[in-house]
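Read through the structure below, which is laid out as structure tokens, and then see the notes.
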Amino acid sequence: MDRKTIAQEYLILAVNEKGKLSLINGTEAKTGMVVAGIMDLLLGNVIKIEKKKIEVVGELPAKLANLTTLYEYLLEKNRTITKVLEDYTISFTDARLKQLVSDTGNSLIALGAASEEKGGLLGGKTLFVPSEEWKESLIDSLKTEVMQKETISLYDLVLISLLKETKILKQYFSINETSIFKEKLQNINDNPDSKMVKEMIGYINEVLAVMIAASAVAVIS
């Protein structure tokens, strides 16, 4: 199959058949969406990360046009990864995140990997419903990578790790398949690529901890 970007594939797997992020793990899924975009920029040599700070070092390629607003935001000034995730997921408005999802969803529609539908209470919300055929092909590709190949490509290592940490992987992988992935991940601990992925997962968990703490305070108040 013709593989897409990490953000595009993550969105396809993060939404349900109605194009909605799960209410159960919506917080994790939103954070994972931003990290997916950051990883696309990092692997595309558009940004670099040093001492947890993101710096733009290259032009945005056409294939990553869905990340234009994220790229422009990062161009404003250097920020830590945690700050970027907080600005996108813990703010008075979720406009940045909505734009990222919208742009990525529209890019999938243009590629024939999703369709647009209207939803929400008043039917005015735009939803991106994944193509079932394309989604199944993607899942099969990821399972082949884990079950049949000796090593996992960096691209799929990032995607599968994101899906696991944001509690989405269990929808598609059996317990046995997940265990095999964990085992392969352990076997590449000394690989610099593995270290990079683990650092990104650490940032996800940092932000989730902040979000949980903020929710607890809100409840008490």
Wholly within segment 137-221, helices (runs of 4 or more DSSP H) carrying at least 1 residues that are at pLDDT 90 or above: 154-165, 175-187
Close pairs (7 angstrom Cβ cut-off, 6 or more residues apart or separate chains): free of Cβ contacts under 8 Å to residues at least 24 places away in the same chain and open to solvent by 30 Å² or more (accessible area, probe 1.4 Å) in segment 136-155, acidic (Asp, Glu) and in a helix (DSSP H, G or I) anywhere: 153/145
Pick from segment 43-65, criterion of a type outside the set (Gly, Ala, Ser), open to solvent by 30 Å² or more (accessible area, probe 1.4 Å) and touching a residue at least 24 places away in the same chain (Cβ under 8 Å), ranking: nearest to residue 201 (Cα to Cα): 52
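Yes or no, residue by residue, for (1) surrounded by fewer than 14 Cβ atoms within 10 Å (Cβ to Cβ); (2) among the basic types (Lys, Arg); (3) at pLDDT 95 or above:
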{"residue": "67", "(1), (2), (3)": "no, no, yes"}
{"residue": "73", "(1), (2), (3)": "no, no, yes"}
{"residue": "76", "(1), (2), (3)": "yes, no, yes"}
{"residue": "81", "(1), (2), (3)": "no, no, no"}
{"residue": "92", "(1), (2), (3)": "yes, no, no"}
{"residue": "107", "(1), (2), (3)": "no, no, yes"}
{"residue": "113", "(1), (2), (3)": "no, no, no"}
{"residue": "123", "(1), (2), (3)": "yes, no, no"}
Residue count for segment 64-99, restricted to those that are hydrophobic (A, V, I, L, M, F, W, C) and more than 20 Å from residue 45 (Cβ to Cβ): 5
Condition check for residue 78: over 15 Å from the mean Cα position of the chain (by Cα), at positive phi and not aromatic (Phe, Trp, Tyr): no
Residues within segment 156-170 that are under 26 Å from residue 109 (Cβ atoms) and either touching a Cys at 6+ places or on another chain (Cβ under 8 Å) or without any contact (Cβ under 8 Å) to a residue 40 or more places away in the chain (or both), tallied: 3
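The values are calculated or read from the model by the stated rules, or taken from the named source; none is laboratory data. What you see is a predicted model, and the numbers here were worked out from it, not measured in a lab. Backbone-built Cβ (ideal geometry, glycine too); neighbour counts: all protein chains shown. When the accessible area is computed, the model is the full protein with side chains, heavy atoms only, and any ligands, DNA or RNA have been set aside. Shrake-Rupley method; radii C 1.70, N 1.55, O 1.52, S 1.80 Å.
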